[in-house]
Every structure is written in C-alpha cells, then in structure tokens.
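The values are calculated or read from the model by the stated rules, or taken from the named source; none is laboratory data. Remember, it's a predicted structure, so these values are computed and weren't measured experimentally. Here the Cβ is made from the backbone with ideal geometry for all residues, glycine too, and neighbour counts use every protein chain on show. All accessible areas refer to the heavy atoms of the entire protein, side chains included, with ligands and DNA or RNA removed. Shrake-Rupley method; radii C 1.70, N 1.55, O 1.52, S 1.80 Å.
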Amino acid sequence: MRDLSYTQHWSDLRTAAVLGTGAALPGEPVTTEDILSRLSLHFRVDVWRQGHSIAGRLGVNTRHLVRALVSRHEAPRSGDSNAELAARAVRAALDDAGLRPHDLSYLISHTATPGTLIPPNAARVADLLGYRGPFVELRQACTGFANAIVFALGLLSAPARGPVAIVGSETGSVYFDPLRAAEDSGQLVNALQMGDGAAACVLDLPQQTCAPQLSATFFGYAGAHLQPGFALRAGGSDFPPARGYPLEFEHEYSTIREHGGELFAAGLSAARGAGVDLDAIDHFIPHQANGRMAELLCGELGLQRGRIFVNADRVGNTGSAAIWLALHELRAHLLPGERVCVLGAEATKYMFGGFQYVHA
C-alpha cells in the first residue's frame, strides 16, 4: 500500500443540520437470475456459469434498473430517467424535512450519467420539482457527495442563506451492451455490479431544535499518475462517439485491486485529522462498491464487521447515489446519539471523501 501521508485533502469542521433525506429506486428489484435469463432469452447470450461466478464474488444479489434489458440499446423507461429519479429523491427529502421546493436556497446535484450534458441535468430536476432557484451540477461519481457538502457548507454561511438540497443520481445501466456480455467480461461485471437510483438530503445551519448533524467533512485526491480505474472512454469532446458505436464503462481491475484499499485508509486518516473519534463510531458507511465491502474492510483496515453498513447486496453499486442511499436506509434504524462515519471512495481517478453523522 502506498504512503499517502503527503496527499493533500480538504477538511471542513463546520456543522450542518440534516433536515431530511429521501431516495428513489426504479422499478422492482432485478435478480442476477433475471439478468442472465434476459441475456439468454432476448440476445441468445449464454453466460450463466461466468455470470454466477462473478455475482458470487461481487455479493450483489439484486439491483434496480431503469431499462428492461429486452433490446440492445434502451433509454430509461418513462418516469425513471436520471432527472426524474433525482427529482423524486429530492421531493422525498423535502417531505421528510417538512419543506417545499420554494424553501430551498440552492440545489446541488452530482452524477456521472446525466440525462443530458447540455443543458445540465440539474435544470431538468429543477423543472420537475417546480423549483425556480439557483442550482449547480457536479460531474462526479462515488465521491460527488463530499464535494457537494463542501460547497453546501459555503452556501449556508452566506447572509441570505436557506436550506440546501443535495442529490446524487445514476442511470448507468443504459451503457451496458447485452451483445458484448459474452466477449468482454468487463461488460458482464458492469451489468451484475451496478444499479440505478437516486438519493438526496436537505442541509441547513444547526438549529435550536434537535436535529441530526453532519460534520467533519473531507475530500481528497490520491490518483496522481494513476490510470483511471473506471471510465467512460467516449462521449466527451476528446473522444466523441462514432456513429453506431455504443458508449461503455471500462474497468481497470488490476489498478483498482492494487490501490482501492488505500482510499479507505486515507479516509480514516482524514477523519481522524478532522477530529472524529473512530472508537466512538457506531457505524461505518463505506462506498458501496459491492456486497462484500464489510468482509473486505474488516480484513484490510481492522474495522469490526458488525459496525460496517452495506446495502449494495440489494441495490448494487449506485455510484453518485450510493452514500446517500445507504445513509437514508441506515437512519431508519439509528438511535439518538449514534454516530456514523462515512468513507467514500471513487475509482475513476482515485478520490476519497466523507463526513461524520450524529443521529438525533
């Protein structure tokens, strides 16, 4: 493991009140058997043995998808586009907070799979919510939540501030080409590992009333001189997609295996530096890369397995939505005063980020 003690990271010790959280998942859970059956039925692609082997290693049993996997190239089904999922998640978070869209002073979204590049996906989210205030969109995946909090804390310090909503959303299943599943194991991994969905939170300055609190936010970069571990190679202005060429996510597995664990170690170090007492933490939420994160991290970092919360076995790796989805689910089971340490990690270019959450 590399020495990352030299790695710079941003740390913000300010506290925000978590007024509400919400989530949106498309359709019913899709099992591994469902996916492999559809590949066989609709595309004559038989990857049963390989697919079950991969799924067993990933520990992902179900996930939610915005597509039906009945044709090679599919847009999200009606009502489950990236922006529609994001808007549903924000509305759920607002309902949880007892607020309405016009109560927000800012909307921050983060996604790696926007419905449109221009105009920004966030504009569509705002329209769906009936929100007429300012917004910004971050093009970031699994650690987008951390940068979103960094910016939200700055916004909340402004004189005319009000509640800020953050939403992470992904609809990456549209980039899976079923006909390539047999010839490229990476595409099959994508289909069995990833899930679609959105989740949101609403933040404000700490209030006199008792509310859950978020603090000790950090974000850092550890990917200098490393090749991207996860990338969408075409689609940008450097590599515009050729006509008829499908967009695909690509994994660099060897680099991820070698350096992925470093991001969680760097996150723990950053959390300690921000004043988080790791011995007092009741639950850790790591990035939900797969359903086996608890056993992986308890062995690599020495964390107690029972303190590591994982829901990727049921929703898959949802990228930008993953941390918010996990926190939203875990909140329903927390007791007042329980502490959660979030350890986000992103393999695209090896970034890490997190925060401490204290339930009320």
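Flag set for ARG100, criterion: surrounded by 13 or more Cβ atoms within 10 Å (Cβ to Cβ) and free of Cβ contacts under 8 Å to residues at least 12 places away in the same chain.
Residue by residue through segment 330-346, note down the ones that are within 17 Å of the chain's Cα centre (by Cα), among the aliphatic types (A, V, I, L, M) and more than 17 Å from GLY275 (Cα to Cα). Passing the criteria: LEU330, ALA345.
Candidates in segment 183-200 are the residues that are modelled with pLDDT under 95 and of a type in the set (Asp, Glu); of these, the one that is most open to solvent (accessible area, probe 1.4 Å) is GLU183.
Of everything in segment 298-314, what is open to solvent by less than 10 Å² (accessible area, probe 1.4 Å) and in a helix (DSSP H, G or I)? Give them in sequence order. Result: ALA312, single match.
Looking at segment 81-182, the strands (runs of 3 or more DSSP E) lying wholly inside it that each contain 2 or more residues that are at pLDDT 95 or above and within 18 Å of GLY344 (Cα to Cα) sit at 106-110, 164-170.
Regarding PRO286, is this residue under 16 Å from PHE355 (Cα atoms) and open to solvent by less than 70 Å² (accessible area, probe 1.4 Å)? So PRO286 fits the description; yes.
Number of residues in segment 58-73 that are modelled with pLDDT of 95 or more and of a type in the set (D, E, K, R): the value is 2. Sub-7 Å Cβ pairs linking a first residue in segment 28-49 that is free of Cβ contacts under 8 Å to residues at least 24 places away in the same chain to a second residue that is open to solvent by 30 Å² or more (accessible area, probe 1.4 Å), at least 6 apart or interchain, are LEU36/TRP48; SER40/ASP46, ordered by first then second residue. There is no residue in segment 20-29 that is within 25 Å of the chain's Cα centre (by Cα) and modelled with pLDDT under 95. Taken over segment 346-356, the criterion of being open to solvent by less than 10 Å² (accessible area, probe 1.4 Å) and closer than 17 Å to GLU300 by Cβ is satisfied by TYR350, PHE352, GLY354. Scanning segment 345-360 for residues that are assigned to a loop (DSSP other than H, G, I, E, B) and among the aliphatic types (A, V, I, L, M) gives ALA347, ALA360.
Within segment 34-52, not a single residue is in contact with a Ser or Thr (Cβ under 8 Å, 6 or more places away or on another chain), part of a strand (DSSP E or B), open to solvent by 30 Å² or more (accessible area, probe 1.4 Å) and of a type outside the set (D, E, K, R).
Looking across SER157, SER105, one residue alone is over 21 Å from TYR221 (Cα atoms), of a type in the set (S, T, N, Q) and open to solvent by 60 Å² or more (accessible area, probe 1.4 Å). It is SER157.
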